Every structure is written in C-alpha cells, then in structure tokens.
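Everything below concerns the one structure shown next.
Nothing in this text is a laboratory measurement; each read-out follows from the coordinates by a stated rule. Given the structure is predicted, the values throughout are model-derived calculations rather than measurements. Neighbour counts run over all protein chains shown; Cβ positions are idealised from the backbone, glycine included.
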Amino acid sequence: MKIYTKTGDKGQTSLIGGARVPKYHLRIEGYGTIDELNSWVGLIRDQNIPQDLINVLLEVQDRLFTIGSLLASDPEKGKMKLPELVDSDIQLLENEMDRMENSLPPLKSFVLPGGHQTVSYIHIARCVCRRAERLVVHLSAENEVDTKISIYLNRLSDYLFMLSRYVAQELKAPETPWKPRM
C-alpha cells in the first residue's frame with residue numbers, strides 16, 4: 001500500500017465510514033490537533049524524565065490515538081469497531097495529578113511557562129491540548145461526539161500543567177510566578 005493516494009488533492013478527505021468532508025471540517029481540525037498534541041507528548045516522553053512519567057505518557061499517547069480514531073469516524077456511517085475511552089482513563093490522570101500534587105508546594109499565583117526546555121515543551125503540549133478541547137467542544141455542538149473525549153482532554157490539560165510543575169521540581173528548574181503589573 002502506498003502512503004499517497006491522491007484522493008485528497010482537491011481539498012477533501014475521507015472519514016472512517018467513507019464520508020468525504022473538506023479538510024477544514026471541524027472534525028478534521030479536531031483530530032489533526034490531537035495528532036499535533038500526540039507529537040508534543042512524544043517529544044516530552046523523549047526528554048530525560050523518570051520512567052514512571054514516561055509510562056503514563058505512553059498511556060496518554062495511546063488514548064490520543066483512540067480519540068483521533070473516534071473523531072475521524074463518521075458517526076452516521078462508521079460501522080468499524082473502534083477503541084473507546086473508559087472512565088479509568090480519566091481516573092488515571094486524576095490519580096497522577098493527586099500523586100504529583102502531594103509533593104509540590106501550594107500554588108499561590110499563576111506560573112509563567114518556562115524555566116527548563118522540558119518544562120516549556122510540557123506547557124506547549126498543555127496549550128495544544130486546550131485548543132483540541134475547544135475544537136472538540138465546538139464539534140460536539142454540531143455533531144455527535146463521545147462526551148468522554150472533552151472530559152479526557154480537560155483532565156489531560158490539567159495533568160500537563162501539574163506535570164510541568166512536577167518536572168520543574170524534579171529538574172530543580174525555577175518556577176517563576178506571574179506578578180501582574182498594577
């Protein structure tokens with residue numbers, strides 16, 4: 001099978017199930033942003049971070065592929081069996097956030113992204129995750145979308161914020177509080 005099909009040369013693409021949609025369709029924007037997020041998570045996973053964090057990030061990447069396949073499926077014509085999100089996927093993120101929070105000082109202000117390259121990558125992933133969540137919420141206003149997707153993305157962006165703080169602490173990187181100029 002060749003990687004190129006030439007079927008998208010005129011600005012259309014196929015969903016799982018066969019429906020053709022324009023490449024700017026919200027569904028395509030949604031799963032394209034999930035793909036971008038998955039790449040950022042891969043970059044984070046490739047950094048010098050503890051193996052337990054890498055293991056969670058591998059789980060996250062798997063879930064992002066699941067979300068991408070669900071978003072790429074035509075809800076009216078898709079008959080293919082697809083993986084699904086389950087409550088325990090969301091619970092994993094919540095458990096990990098609780099675990100990391102126990103070792104962090106309380107947050108007293110907003111934190112400026114940065115302090116270490118790895119921390120910055122995590123913040124970028126968090127921002128892409130928020131964008132993906134916004135796109136999915138928009139799509140769900142117009143089309144059928146599994147509600148667990150937006151819940152998972154919401155939790156994932158929170159997890160990524162907590163991960164940025166935790167990794168900053170592990171790397172002894174400075175955490176710069178935002179001090180608004182008044």
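Label-to-label distance, Asp52 versus Leu112, with points set 7 angstrom from Cα along the beta-carbon direction: 3.1 nm. What the phi angles of region 31-36 give under the Karplus curve with 6.51, -1.76 and 1.60, with θ = phi - 60°, is a coupling list of 6, x, 6, 4, 4, 4 Hz, glycine and proline written as x.
Each residue of region 49-56 is assigned a 3J(HN,Hα), and the resulting list reads 10, x, 4, 5, 6, 4, 4, 5 Hz, derived from the Karplus form 6.51 cos²θ - 1.76 cosθ + 1.60 (θ = phi - 60°), x at Gly and Pro.
Take every Cα pair under 8 Å whose residues are at least 6 apart in sequence, average their separation, divide by the length of the chain, and the relative contact order is 27 percent. In plain terms, the residue of Arg126, Arg99, Arg45, Arg63 with the fewest other Cβ atoms within 10 Å comes first and the most crowded comes last, giving Arg99, Arg45, Arg126, Arg63. Which longest uninterrupted range of the chain lacks any chymotrypsin sites (Phe, Trp or Tyr not before Pro) assigned by DSSP to a loop state (not H, G, I, E or B) and surrounded by at most 16 other Cβ atoms within 10 Å? Result for the longest clean stretch: 25-109.
Other residues lying with their Cβ under 12 Å from the Cβ of Thr66 contribute a combined charge of -3, Lys and Arg counting +1, Asp and Glu -1. Comparing Asn38, Asn143, Asn102 in a Gaussian network model of the chain (Cα springs below 10 Å), the most mobile by mean-square fluctuation is Asn102.
Region 3-76 and region 110-127 have Cα centres spaced 22 Å apart. Amide hydrogen proximity for Ser73: with H placed 1.01 Å from N in the peptide plane, the residues at 5 or more positions away or on another chain lying under 5 Å are Ile16. What do you get for the angle between helix 117-142 and the principal long axis of the chain? Use alpha-carbon atoms, 0 to 90 degrees, nearest ten. It works out to around 40 degrees. Compute a Gaussian network model of the chain, connecting alpha carbons closer than 10 Å, and tell me which residue from Val21, Val60, Val41 fluctuates the most. Of Val21, Val60, Val41, the Gaussian network model singles out Val21 as fluctuating most.
In order along region 13-22, the phi-based Karplus estimate (6.51 cos²θ - 1.76 cosθ + 1.60, θ = phi - 60°) of 3J(HN,Hα) comes to 9, 9, 8, 5, x, x, 4, 9, 9, x Hz; Gly and Pro are listed as x.
Residues Met97, Met162 in ascending order of nearby Cβ atoms (within 10 Å, fewest first): Met97, Met162.
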